[in-house]
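The values are calculated or read from the model by the stated rules, or taken from the named source; none is laboratory data. The structure displayed is predicted, hence computed values, not measured ones. With ideal geometry, Cβ positions are generated from the backbone for all residues, glycine too; neighbour counts draw on all protein chains shown.
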Amino acid sequence: MPREDQERPEREERRRQHVPVMPDEVLEYLQPKAGGTYADFTVGAGGHARLVAEQLGPKGRLIGFDKDPEALRLAARALDGVEPQVELVHASFARAARELQRLGVSQLDGALADLGMSSMQLDRAERGFSFSAAGPLDMRMDPSQELTAEQVVNQSNERELADLIYQFGEERRSRRIARAIVRSRPLHTTAQLAEVVAAANRPMFKEPARIHPATRTFQALRIFVNSELSDLSDWLDFLPGVMAPGGRVVVISFHSLEDRPVKEAFRAQAQAGAYRILTKHVVWPTEAEIASNPRARSARIRAVERL
């Protein structure tokens, strides 16, 4: 096989890998210390984890969690050769407290969670996350779980569909979309679903479409299939109990459904004396970063310090 053909899959995989958003801001607020123990609770392809690991030195320890086994494979490659001890765990961050106990970690000096989708998930049609290319209606971050988007779309009744599209997608036309989905069933591909949703969700009065009309419906299904908000709530609840005094927590979110519970939890826990809030207002990416990485445009950071 020609060398160029051998290298093409590797180049494609590198292209798909997630470009970490707001890297300078993450390091500014996390302030990784040499010899510390840190956890990246959504390690993804390892972009942020690599930046943190480079600050820890040989006596440091980094634990990365992800429910996507493919992400862990990419993270292992990204973290190859770093000095600190690295452990990668196939688990949702909702289960991380138990996993930390299993690993003998009682306290963390820093915690990071990037709640956004990674490029390698969005860009691979076979994962079923995106409407930009035809793929199966899957949307599972953990391929070993049973529930898929196809099951939700084809087995939920109209009211259940409308409620979850409204709750997890903040879609005003959820009832109209749910009705169109039920009438068009069975649906098996992302392209089929996107077409049905787009037809039911055309802009009114020729208003400009700022986003694809299926964006919120796809978001809702992904959040529901992966229990994203309940996992986030569980993580926010147990986190103060595993943070060392002075330990910092940095969370990157991408929409209000993620950012709101983070903001509310940090505020409540600060009032209870657990945290000092480091970000009085949400921190946004710079215009320069958005220009070079458009997927960063919705990213926002909140950070706290354990008291």
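Considering Ala214, Ala265, Ala220, which residue is modelled with pLDDT under 95, under 30 Å from Arg127 (Cβ atoms) and small (Gly, Ala, Ser)? Even if it seems obvious, please write down each step before you answer.
Working: Ala265 fails: modelled with pLDDT under 95; Ala220 fails: modelled with pLDDT under 95.
Selected residue: Ala214, the only one of Ala214, Ala265, Ala220 that is modelled with pLDDT under 95, under 30 Å from Arg127 (Cβ atoms) and small (Gly, Ala, Ser).
Out of curiosity, is Glu195 farther than 21 Å from Arg127 by Cα and in contact with a helix residue (DSSP H, G or I) (Cβ under 9 Å, 6 or more places away or on another chain)? Working first, answer last.
Details: farther than 21 Å from Arg127 by Cα: no; in contact with a helix residue (DSSP H, G or I) (Cβ under 9 Å, 6 or more places away or on another chain): yes.
Taking the combined requirement at face value, the residue does not satisfy it.
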Unmet criterion (only one of (1) farther than 30 Å from His90 by Cβ; (2) among the charged types (D, E, K, R); (3) touching a His at 6+ places or on another chain (Cβ under 9 Å)) for Arg185: (3)
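Looking at this structure, is Gly60 out of contact with any helix residue (DSSP H, G or I) (no Cβ under 7 Å at 6 or more places or on another chain), at pLDDT 95 or above and assigned by TED's automatic domain parsing to the domain that holds Leu103? Full working, then the answer.
Values: out of contact with any helix residue (DSSP H, G or I) (no Cβ under 7 Å at 6 or more places or on another chain): yes; at pLDDT 95 or above: yes; assigned by TED's automatic domain parsing to the domain that holds Leu103: yes.
Spelling it out, Gly60 is indeed out of contact with any helix residue (DSSP H, G or I) (no Cβ under 7 Å at 6 or more places or on another chain), at pLDDT 95 or above and assigned by TED's automatic domain parsing to the domain that holds Leu103.
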